[in-house]
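Chemist: Okay, here's the structure, questions in a sec.
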2 protein chains.
Amino acid sequence: MDFTVQDIIELLKNKQYKQLRATLAEMYPYEIAELFNSLSNEYVPLAFRLLPKELAAETFVEMDSDAQELLIKSFSDSELKEVIEELYIDDAVDIVEEMPANVVRRMLSQATPEMRRNINEILKYPELSAGSIMTTELVELKSFMSAGEAITRIRRTGVDKETINTCYVTAGDRKLIGVISLRTLILAEEDSIVADLMETNVLSVNTLEDREIAADMFNKYNIIALPVVDNESRLVGIITVDDAMEVMEEEVTEDIEKMAAIVPGDKPYLKTGVFETWLRRIPWLLLLMISATFTGSIINSFEKALTALPVLISFIPMLMDTGGNAGGQASVTVIRSLAIGDIEMSDILRVVWKELRTAFICGITLAAVGYGKILLVDNMIMGMGVSQMEALVVCITIFITVLCAKLVGCTLPILAKKIGLDPAVMASPFITTIVDAISLAIFFALSMLILL
Amino acid sequence: MDFTVQDIIELLKNKQYKQLRATLAEMYPYEIAELFNSLSNEYVPLAFRLLPKELAAETFVEMDSDAQELLIKSFSDSELKEVIEELYIDDAVDIVEEMPANVVRRMLSQATPEMRRNINEILKYPELSAGSIMTTELVELKSFMSAGEAITRIRRTGVDKETINTCYVTAGDRKLIGVISLRTLILAEEDSIVADLMETNVLSVNTLEDREIAADMFNKYNIIALPVVDNESRLVGIITVDDAMEVMEEEVTEDIEKMAAIVPGDKPYLKTGVFETWLRRIPWLLLLMISATFTGSIINSFEKALTALPVLISFIPMLMDTGGNAGGQASVTVIRSLAIGDIEMSDILRVVWKELRTAFICGITLAAVGYGKILLVDNMIMGMGVSQMEALVVCITIFITVLCAKLVGCTLPILAKKIGLDPAVMASPFITTIVDAISLAIFFALSMLILL
């Protein structure tokens with residue numbers, strides 16, 4: 001962006017509206033929205049009014065909900081009407097969902113009856129369903145039309161459709177019977193019939209399908225629009241690729257949050273209040289803190305060994321961390337592979353076998369390096385005076401811990417999925433808590449066995 | 001998929017090729033590829049030959065590289081030629097990059113001279129650059145054409161272009177001067193001039209730009225194709241949205257792997273050999289194991305306190321885990337927010353302030369619950385006999401640890417980005433190692449201060 005917030009404020013202050021309008025007109029909605037988001041509230045409505053009608057609506061869609069609310073409140077009814085008329089249904093729905101009731105009422109009162117009907121139509125679908133992210137503005141064709149007629153129809157009705165690149169062929173009862181791309185129509189002979197040109201094996205999702213599944217289909221099947229049908233396979237709307245990409249991004253964020261022991265939310269970080277942030281983080285913190293009691297009790301039950309061999313205590317962090325990291329690597333790899341379909345539940349044995357072998361050489365490496373480190377660093381440099389036997393116990397523990405950690409790490413996510421839980425929950429924090437207990441149990445058992 | 005591998009094998013065995021061909025013809029390339037991937041090698045070439053020409057090429061693109069190599073080797077030159085002719089340049093390049101040299105040589109020898117030139121053209125761009133994922137098959141228009149002429153040109157040349165939904169307007173020297181959608185052309189008057197219809201403020205990337213930056217632009221600007229230009233801003237190709245989505249998915253996987261202390265690779269999990277998996281996991285495991293020495297030395301230096309108050313030892317895991325989890329939550333949230341542009345480096349103070357307040361109430365909650373847990377569970381149930389004072393020390397430690405953990409967790413990723421490192425590296429494993437040391441230092445310092 002070659003244009004800074006300062007420049008804009010300058011131009012606004014000096015009332016150089018003409019120049020400002022010219023500059024804004026050359027920018028992309030996304031850039032203008034970014035600019036407005038960082039502009040202090042008093043200036044936004046003024047600057048917004050300088051935008052050409054269509055660009056204004058496109059920019060409005062890109063702004064964050066606070067700024068949108070601010071603007072709507074500053075709009076006259078006619079201004080609001082103008083913006084709403086330019087919006088695509090699915091964008092309008094997104095905005096309506098974010099606004100407080102009174103603002104929504106005002107928005108709907110300014111929308112055309114048809115748009116109001118469409119918005120309410122989409123609003124009634126469950127929050128994370130395919131229906132909730134679709135738009136109802138699509139080009140519908142009939143199978144008996146010729147390519148020429150179809151194009152004429154597109155020319156007549158296409159202006160306010162979200163996409164005309166893909167058109168949908170329906171029977172009398174709006175049953176979806178085919179899909180045809182504008183490309184096919186353009187490249188076909190004028191008089192060839194849609195029925196012969198269209199793809200009859202139509203990919204579609206049910207309105208109530210999970211939006212994530214719908215979004216994933218875009219990547220799998222390389223499509224730029226996906227029709228949404230009701231239980232009678234009647235065409236009710238389409239999902240466009242831009243919305244699919246947004247869903248993918250949100251779903252990834254959700255997965256990553258779950259992997260970090262956070263309860264996913266739907267607001268961007270800086271827009272989430274401290275209390276809500278706390279609410280999303282504290283449950284797992286509490287749960288994991290309390291489960292650590294178990295690990296503690298293990299230490300407790302081996303108190304004798306520890307007081308007899310105090311030097312062992314100093315290896316506890318290293319053993320716990322190594323186990324946690326080794327397990328985390330396995331679990332996160334498996335979670336992601338499950339998410340992008342690289343592995344299925346049925347692959348569990350292949351996964352275990354691969355992890356076992358990987359764990360084996362990882363364990364050997366870590367044990368060997370660990371042994372050298374104890375002799376060189378801990379003893380020679382830090383003079384901790386760790387005996388050969390003690391060092392051996394530590395290293396055997398490392399080896400067994402890594403084996404267990406990788407095994408637990410790779411199996412739990414798959415098992416979680418098997419019983420219908422979200423694999424993402426079985427990531428590092430959870431795995432670590434389990435592996436801690438295992439590693440310490442092994443450590444002390446070996447100590448008693450070999451050292452006492 | 002209503003059609004199983006068994007069914008296919010049956011049909012193949014019984015030589016019911018006609019029926020098999022009919023069934024396959026009704027499936028999507030992605031589905032057929034999935035099917036073939038799980039089909040034993042001997043059957044794949046036979047089944048593949050049953051596919052109609054175009055579907056065959058589309059399926060070939062979707063198959064994994066082993067299966068592709070197998071097929072190419074089974075192809076006659078003419079069969080190979082047929083498939084290659086149907087491929088889009090960017091898909092052909094993807095395949096060539098995966099194949100061993102001798103296969104590549106054979107592929108290129110069967111490609112048309114022009115295709116060979118195009119493939120080599122794209123191959124010369126660096127691996128992760130925008131140029132490496134572009135296609136050179138695009139529709140080029142001239143600004144003086146009328147909408148009608150433009151459409152005629154598209155009809156004449158569009159057949160073998162990857163997309164005709166967006167067309168690019170170039171000057172004599174191939175300089176990119178505008179972009180125009182097929183939609184605009186269709187909806188415009190036949191005799192209106194491209195120069196008046198086209199968008200002159202063209203979004204484009206340089207061939208050498210990072211492919212991740214190119215991919216992100218699709219989401220930001222809601223585009224379905226992005227022109228790629230050289231240093232003289234001459235049009236050399238376009239990136240289509242399907243390739244952008246693939247890049248996004250790969251980049252997310254990379255980030256997630258980094259967050260889990262794994263060195264990112266480019267092969268799917270089950271296709272990665274054990275040795276390579278080891279190679280990608282061992283560096284961080286070693287580094288973190290050795291850094292844990294520091295934490296160990298802290299314990300060591302407080303040995304006196306521990307032998308005097310052995311019960312304290314049993315709280316070490318709980319303190320370490322809670323610190324690690326609290327810090328991990330903060331770091332992962334910040335890393336993801338940076339990745340999707342929810343926060344900038346300049347937001348660091350707002351981030352710190354939010355995390356401080358969140359950490360404060362998280363710390364209070366955990367300390368309070370921890371205190372109750374010690375009295376109820378540890379003492380009454382498990383009879384550990386923790387004194388009031390010891391419990392107090394543990395809880396104060398929890399509180400301070402959470403404060404430090406969140407602070408470290410939210411600042412390190414931002415600082416990493418500031419000095420040009422990848423923030424994703426500053427995730428749980430790394431943070432945990434640091435926070436472990438902090439929490440134990442606090443713990444023992446307080447113990448000495450209050451309890452001895």
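Chemist: What list of ³J(HN,Hα) values in whole Hz, one per residue of region B:133-142 in order, does the Karplus curve 6.51 cos²θ - 1.76 cosθ + 1.60 (θ = phi - 60°) give from phi, with Gly and Pro shown as x?
Modeler: Each residue's phi maps through the Karplus curve to give 10, 7, 10, 9, 8, 9, 8, 10, 10, 10 Hz.
Chemist: Under 1.5 on a/c is rounded, so check that first for region A:37-193, then, if it is not, pick prolate when a/b is larger than b/c and oblate when it is not; a ≥ b ≥ c are the square roots of the alpha carbon gyration tensor eigenvalues.
Modeler: Numbers: a/c = 2.81, a/b = 1.97, b/c = 1.43.
Judged from the Cα gyration tensor, region A:37-193 comes out prolate (a/c at least 1.5, a/b above b/c).
Chemist: Which is the longest part of chain B that has none of the chymotrypsin sites (Phe, Trp or Tyr not before Pro) sitting in a DSSP loop with at most 16 other Cβ atoms within 10 Å? Mind dumping the intermediate values first?
Modeler: Numbers: sites that count: B:3, B:144.
Answer - B:145-452.
Chemist: A further question follows. Run the label-point distances for residue A:113 please: 7 Å along Cα to Cβ, every other copy, nanometres, shortest first.
Modeler: Those separations, rounded to one decimal, come out as 6.8 nm.
Chemist: Among DSSP beta bridges whose residues both lie in chain A, state the antiparallel percentage, nearest 5. Display every interim value, and only then the final one.
Modeler: Details: 15 of 19 bridges.
Within chain A, antiparallel bridges account for around 80 percent of the total.
Chemist: Let me ask you something else. Return the distance in nm (one decimal) between the two label points of a simple spin-label model at residue A:156 and residue B:422, each offset 7 Å from Cα along Cα→Cβ.
Modeler: Output for this residue pair reads 5.5 nm.
Chemist: Now a separate question. Per residue of B:373-379, how many C-beta atoms from partner chains lie within 10 Å of its own C-beta, taken as a mean? Don't jump to the answer; show the numbers that get you there.
Modeler: Working: counts 5, 2, 0, 0, 4, 4, 0.
Mean number of neighbouring Cβ atoms from other chains: 2.
Chemist: Moving on. For a quick check of understanding: with a 1.4 angstrom probe and all protein chains in place, what accessible area in square angstrom does residue A:71 have, to the nearest ten?
Modeler: For residue A:71, solvent-accessible area is about 0 Å².
Chemist: Residue A:161: which lysines have alpha carbons under 22 Å from its alpha carbon, excluding same-chain residues fewer than 8 sequence positions away?
Modeler: Correct list for residue A:161: A:53, A:81, A:124, A:142, A:175, B:220.
Chemist: Under 14 Å Cα-Cα from residue A:304, which aspartates and glutamates qualify once same-chain neighbours fewer than 8 residues away are excluded?
Modeler: Cα-Cα hits under 14 Å: none found.
Chemist: Run the reach check for residue A:18 against aspartates and glutamates, Cα to Cα strictly under 16 Å, same-chain hits fewer than 8 apart removed. What comes back?
Modeler: Reachable aspartates and glutamates: A:7, A:10, A:26.
Chemist: To test your reading of the geometry: what angle, between 0 and 90 degrees and rounded to tens, separates the Cα axis of helix B:241-259 from the longest principal axis of chain B?
Modeler: Its long axis makes an angle of about 20 degrees.
Chemist: While we're looking at this one, here's another question. Once the label point is placed 7 Å from Cα along Cβ, list for residue A:37 the distances to the corresponding points in the other copies, in nm, shortest first.
Modeler: Copy-to-copy label distances at residue A:37, shortest first: 3.5 nm.
Chemist: Can you list the GluC sites (Glu not before Pro) in region B:183-260 that are in a DSSP coil and have 14 or fewer other beta carbons within 10 angstrom? Provide the component values of the computation, followed by the final result.
Modeler: Details: sites: B:189, B:190, B:199, B:209, B:212, B:232, B:246, B:249, B:250, B:251, B:254, B:257; in loops: B:189, B:190, B:209, B:232.
Taking region B:183-260 and a limit of 14 other Cβ atoms within 10 Å, the loop GluC sites (Glu not before Pro) found are B:189, B:190, B:232.
Chemist: As a test question: what accessible area, to the nearest 10 Å², does residue A:96 have when a 1.4 Å probe is rolled over all protein chains in place?
Modeler: Roll a 1.4 Å probe over it and residue A:96 shows about 10 Å².
Chemist: Related question: Which value in deg cm²/dmol, rounded to the nearest 500, describes the helix-derived mean residue ellipticity at 222 nm for chain A, given -39,500 (n - 2.57) per DSSP H run of n ≥ 4 and division by the residue count?
Modeler: Working: 21 runs with 280 residues, N = 452.
Calculated at 222 nm, the ellipticity per residue is -20000 deg cm²/dmol.
Chemist: With a cap of 16 neighbouring Cβ atoms within 10 Å, and only residues DSSP puts in a loop, list the trypsin sites (Lys or Arg not before Pro) found in region A:1-44.
Modeler: On the way: sites: A:13, A:15, A:18, A:21; in loops: A:15.
When the trypsin sites (Lys or Arg not before Pro) of region A:1-44 are filtered for loop state and at most 16 Cβ neighbours within 10 Å, A:15 remain.
Chemist: Would you give the gap between the C-alpha center of region A:345-373 and the C-alpha center of region B:202-232, rounded to a whole Å?
Modeler: With region A:345-373 and region B:202-232 each reduced to a Cα centre, they are spaced 41 Å.
Chemist: Here is a follow-up. Round to the nearest 10 and give me the degree value, 0 to 90, for the angle of helix B:89-98's Cα axis relative to the longest principal axis of chain B.
Modeler: That works out to roughly 50 degrees.
Chemist: Sort A:117-127, B:145-155 by packing, meaning the average of other beta carbons within 10 Å per residue, with the highest value first. Please list the in-between numbers first.
Modeler: On the way: A:117-127: 15.7, B:145-155: 18.2.
Listed from highest to lowest mean packing, they are B:145-155, A:117-127.
Chemist: Right, next: If we hang a label 7 Å off Cα along the beta carbon direction at residue B:156, how far is it from the matching labels on the other copies, in nm, shortest first?
Modeler: 3.1
Chemist: Would you tell me the mean number of C-beta atoms belonging to other protein chains that fall within 10 Å of each C-beta in B:148-157, as a whole number? Show your work: numbers first, answer last.
Modeler: Details: counts 0, 0, 0, 2, 0, 0, 3, 4, 1, 0.
Average per residue, whole number: 1.
Chemist: Here's another thing I want to ask about it. Looking at region A:4-76, which GluC sites (Glu not before Pro) are DSSP coil and have at most 14 other C-beta atoms within 10 Å of their C-beta? Spell out each step's value before the answer.
Modeler: On the way: sites: A:10, A:26, A:31, A:34, A:42, A:54, A:58, A:62, A:69; in loops: A:26, A:42.
The qualifying sites are A:26, A:42.
Chemist: Further question on the same structure: Karplus couplings for region A:439-451 from phi (6.51 cos²θ - 1.76 cosθ + 1.60, θ = phi - 60°), rounded to Hz, Gly and Pro as x?
Modeler: Result, ordered by residue: 4, 5, 4, 4, 4, 6, 4, 4, 4, 4, 4, 9, 9 Hz.
Chemist: Can you tell me the alpha carbon radius of gyration of the protein assembly as shown divided by the globular rule-of-thumb value 2.2 N^0.38 Å? Let's see the in-between values first.
Modeler: Details: Rg = 30.9 Å, N = 904, 2.2 N^0.38 = 29.2 Å.
The reported ratio for this selection is 1.06.
Chemist: Peptide A:208-214: average number of partner chain Cβ atoms within 10 Å per residue? Before the final figure, lay out each step's value.
Modeler: Numbers: counts 0, 0, 0, 0, 0, 0, 0.
Across the residues of A:208-214, the mean count of other-chain Cβ atoms within 10 Å is 0.
The values are calculated or read from the model by the stated rules, or taken from the named source; none is laboratory data. Note that the structure is a prediction, hence the values are computed from the model and not measured. Cβ sites come from the backbone with ideal geometry, for glycine too, and all protein chains shown count toward neighbours. Calculation scope for accessible area: heavy atoms of the full protein, side chains included, ligands and nucleic acids excluded. Shrake-Rupley method; radii C 1.70, N 1.55, O 1.52, S 1.80 Å.
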